Every structure is written in C-alpha cells, then in structure tokens.
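A.B. asks: Sharing a structure, written as structure tokens. Questions coming.
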Amino acid sequence: MSLETISEHRSFGGLQGFYRHESAVTDTSMRFAVYQPPQAQQQGVPVLFYLAGLTCTEETFAIKAGAQRVAAQLGLMLVTCDTSPRQTGIAGEADDWEFGSGAGFYLNATQAPWSRYFRMYDYVLTELRETVLAHFPAAPRRLGVFGHSMGGHGALVLALRNPDVYRSVSAFAPICAPSRCPWGMKAFSRYLGEERAAWADYDTVELLKARRARAYAEILVDQGLADKFLPQGQLLPELLESACAQAGQPLRLRRHESYGHDYYFIATFMEDHLRFHADALS
C-alpha cells in the first residue's frame with residue numbers, strides 16, 4: 001500500500017509526519033499522523049495509537065496535546081488518525097457535529113448509506129495498524145491505545161475486544177456507556193440500527209459486563225470535574241467504575257477538580273499517560 005507524505009517536521013530529535021493513503025476499508029482517502037521518536041532511527045519502537053474525539057482530525061493531537069517531548073524521551077511512536085471518512089458523497093454527512101463527518105465513533109456501521117464508508121473499527125484495528133507496521137519502524141507486539149471522549153470510547157472498546165493486539169489502554173474523559181447517553185444513542189441508532197443488542201459490541205460498560213474477567217493489569221482514566229459534558233450525562237464514568245469493579249478489572253479513575261473537556265486538560269496529564277503506556281509496553 002502506497003503512502004503520500006503530506007508534510008514532515010523535526011520535533012524533539014524525532015519526526016512528526018502527516019500522511020494520506022487510499023483505504024480499502026472505508027473506500028475513501030484517509031489521513032493519519034505519526035510521530036517517530038529519535039530511537040526509531042536505530043530500532044523498532046513501541047507504538048501508541050491515539051483516537052481523537054468529535055470534530056477532531058489527525059492533526060488535533062499532534063498540535064495540541066504536547067506529547068512529542070515525553071514520547072521522545074520514552075521512545076514511543078505516536079499514531080493518530082482522522083475521526084471519520086470524509087467527502088463520501090452521503091447527503092448531509094457534514095451537517096451535524098455529533099454525527100457523520102468527524103464523528104465516526106470507531107465502529108463498523110451496518111445501516112445504509114453509512115455502512116459503505118463508516119468502518120472506523122476495522123480501519124483502526126486492521127488497516128491503520130498494518131499500514132504503520134509496514135511503513136514505519138514499529139515493534140508489532142508492543143502496541144497500546146488511548147483516546148479522548150469519543151476516542152476514549154473507541155480506545156476502550158478496541159482494547160477490551162482485542163487484548164491480544166493491544167497491551168495497554170487509557171482514556172481522557174471517555175464516553176463510557178454510549179448506549180445510555182445522548183451522543184451514543186443518536187449515533188448508534190443511525191449507524192447500527194434501532195436493535196440495541198447490536199450496540200453492546202461498541203459499549204465499554206456492556207463489554208465489561210459480558211467479559212466478567214480482567215483483560216488488563218490496569219486501565220487508566222482521567223476525568224475533569226468541570227467537564228461540561230458530565231452533568232449532561234454524556235460520559236458516565238460512574239458506570240465504568242461500577243462495571244470494572246464487577247468484572248474484576250483494575251481501574252485507576254482519577255477525578256480532577258476544575259479541569260474541563262479540552263486539550264488544556266489533556267496536555268496537563270499527557271505525561272502520566274505516556275509513562276503508563278511506556279511501562280506496560282517495555
């Protein structure tokens with residue numbers, strides 16, 4: 001599979017690059033970003049996939065999260081992708097910031113017309129991973145995943161369904177129970193249909209209930225208590241906490257006074273997450 005290099009930038013001794021390729025999974029052109037730490041010049045390095053939230057692109061994390069400095073110290077490769085297919089030709093695909101363009105929810109849609117293109121679960125799990133492993137100096141058995149909000153939902157779901165692929169998982173303010181929150185119900189009903197049984201495969205709380213066993217030594221989650229989406233019932237971290245306790249899955253859920261849902265919050269605790277993953281992937 002060929003890659004088009006959009007741009008590359010020297011950063012903390014490593015290389016921040018932005019790339020485009022034709023995706024067989026989404027039937028569109030997809031963009032992603034890779035930060036290669038200095039250590040990648042000599043050897044394959046652990047890879048940490050980051051999944052961004054609603055309205056974001058492959059650029060958001062690289063520009064706003066402030067992750068490259070610590071990733072360079074730890075020898076972590078950072079990969080982030082766009083949050084949905086773009087310009088599919090579906091009528092109204094970009095009309096609503098909570099659904100469609102920029103809001104792929106990291107699932108495989110089953111309902112027309114979305115099912116042809118909106119297959120972000122398979123894209124991240126298989127095609128993006130295989131593309132990175134083929135074109136960059138990555139250690140294939142040392143992969144972790146994390147994300148924010150909608151991307152936190154995606155990271156937790158991908159990790160819980162594929163513990164043989166990802167060795168570590170964490171999240172910032174994740175949508176923990178999309179089957180029970182307005183964002184999730186809106187997206188799932190249109191991507192997956194009205195039959196709620198189909199939603200469980202993409203709901204962290206439901207996956208934990210079904211698994212009833214530990215998948216990871218620990219899951220790290222940070223949540224700001226001034227997050228405007230908490231009182232709206234969009235995130236539901238208390239349900240994640242309860243589900244982990246019932247499943248015997250260790251969870252470190254940290255609640256932070258005065259922090260919101262933004263990249264100021266993410267950047268503040270980014271180093272903790274990178275070190276958490278580096279320890280697990282070492």
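The values are calculated or read from the model by the stated rules, or taken from the named source; none is laboratory data. As the structure is a computational prediction, the values presented were derived from the model and not from experiment. FYI the Cβ positions are ideal-geometry reconstructions off the backbone, even for glycines, and counts take in every protein chain you see. Surface accessibility is based on the protein's heavy atoms, side chains included, excluding ligands, DNA and RNA. Shrake-Rupley method; radii C 1.70, N 1.55, O 1.52, S 1.80 Å.
A.B. asks: With the radius of gyration and the Kirkwood radius both derived from the Cα set of segment 216-277, what is their ratio Rg to Rh? All intermediate terms of the calculation are to be shown ahead of the outcome.
C.D. replies: On the way: Rg = 12.2 Å, Rh = 12.5 Å.
Here the Rg-to-Rh quotient is 0.98.
A.B. asks: Would you kindly compute the Cα radius of gyration of segment 142-282 and its largest Cα-Cα separation (Dmax), both in Å?
C.D. replies: Answer for segment 142-282, Rg first and Dmax second: 14.3, 43 Å.
A.B. asks: Right, next: When DSSP beta bridges are limited to those with both residues in the chain, what percentage is antiparallel, rounded to the nearest 5? Can you show the working numbers first?
C.D. replies: Values: 23 of 47 bridges.
Here the antiparallel bridges make up roughly 50 percent for the chain.
A.B. asks: Once every DSSP H run of n ≥ 4 in the chain is given -39500 (n - 2.57) and the sum is divided by its residues, what mean residue ellipticity at 222 nm do you get, rounded to the nearest 500 deg cm²/dmol? Please report the intermediate quantities before stating the final value.
C.D. replies: Numbers: 8 runs with 79 residues, N = 282.
Rounded to the nearest 500, the figure is -8000 deg cm²/dmol.
A.B. asks: Using Cα-Cα distances under 8 Å and only pairs 6 or more residues apart, what relative contact order does segment 1-149 have, in percent?
C.D. replies: Working: 312 pairs, mean separation 39.4, N = 149.
Here the relative contact order equals 26 percent.
A.B. asks: Could you tell me the center-to-center distance, by alpha carbons, between segment 76-105 and segment 128-198 in angstrom?
C.D. replies: 14 Å
A.B. asks: Next question, about the same structure. Over segment 13-168, with the other protein chains present, what is the accessible area per residue in square angstrom, probe 1.4 angstrom? Mind dumping the intermediate values first?
C.D. replies: Values: 5180 Å² over 156 residues.
Spelled out: the 1.4 Å probe surface of segment 13-168, per residue, equals 33 Å².
A.B. asks: Still on this structure, I have one more. If the chain between Q42 and S258 were fully stretched, how many nm would it gain, using 0.36 nm times the residue separation less the Cα-Cα distance? The partial results should precede the final answer.
C.D. replies: Details: separation 216, 0.36 × 216 = 77.76 nm, distance 4.22 nm.
Result: 73.5 nm gained on full extension.
A.B. asks: Please report, as a whole percent, how much of the solvent-accessible surface of the chain comes from carbon and sulfur atoms (probe radius 1.4 Å).
C.D. replies: Numbers: 5200 of 11130 Å².
Taking all protein chains in place, the chain shows 47 percent carbon and sulfur surface.
A.B. asks: Sticking with this structure for a sec: Could you provide, to the nearest whole Å², the per residue accessible area of segment 178-247 with probe 1.4 Å? Before the final figure, lay out the partial values.
C.D. replies: Details: 3170 Å² over 70 residues.
On a per-residue basis, segment 178-247 sits at 45 Å².
A.B. asks: Check the straight Cα-Cα distances from K64 and name the aspartates and glutamates below 14 Å, setting aside those fewer than 8 residues away within the same chain.
C.D. replies: By straight Cα distance, K64 reaches D262, E271.
A.B. asks: Let me know the Kirkwood hydrodynamic radius for the chain, please, with Cα pairs as the basis and the value in Å to one decimal. Walk me through the intermediate numbers first.
C.D. replies: Values: mean 1/r = 0.0538 Å⁻¹.
The Cα-based Kirkwood calculation yields 18.6 Å.
A.B. asks: If you don't mind, there's one more thing I want to ask. With viscosity set to 1.567 mPa s at 4 °C, what whole-number translational diffusion coefficient in µm²/s follows for segment 37-114 from Stokes-Einstein and a Kirkwood radius over Cα pairs?
C.D. replies: Values: Rh = 14.3 Å.
So the translational diffusion coefficient is about 90 µm²/s.
A.B. asks: Okay, next question. Please report, in debye to the nearest 20, how large the charge dipole of segment 123-282 is about its Cα centre when each Lys and Arg carries +1 at its beta carbon and each Asp and Glu carries -1 there. Mind showing how you got there, number by number?
C.D. replies: Values: 18 positive and 18 negative charges, 62 e Å.
Its charge dipole is roughly 300 debye.
A.B. asks: For segment 23-49, list residues with backbone N below 15 Å from a point placed 7 Å from the Cα of T5 toward its Cβ?
C.D. replies: Only 33-37, 41 fall inside the zone, counting backbone N under 15 Å.
A.B. asks: Roughly how many debye, to the nearest 20, is the charge dipole of segment 98-217 about its Cα centre, given +1 on each Lys and Arg Cβ, -1 on each Asp and Glu Cβ, and no other charges? Working shown, then result.
C.D. replies: Details: 15 positive and 10 negative charges, 73 e Å.
With Lys and Arg at +1 and Asp and Glu at -1, about 340 debye.
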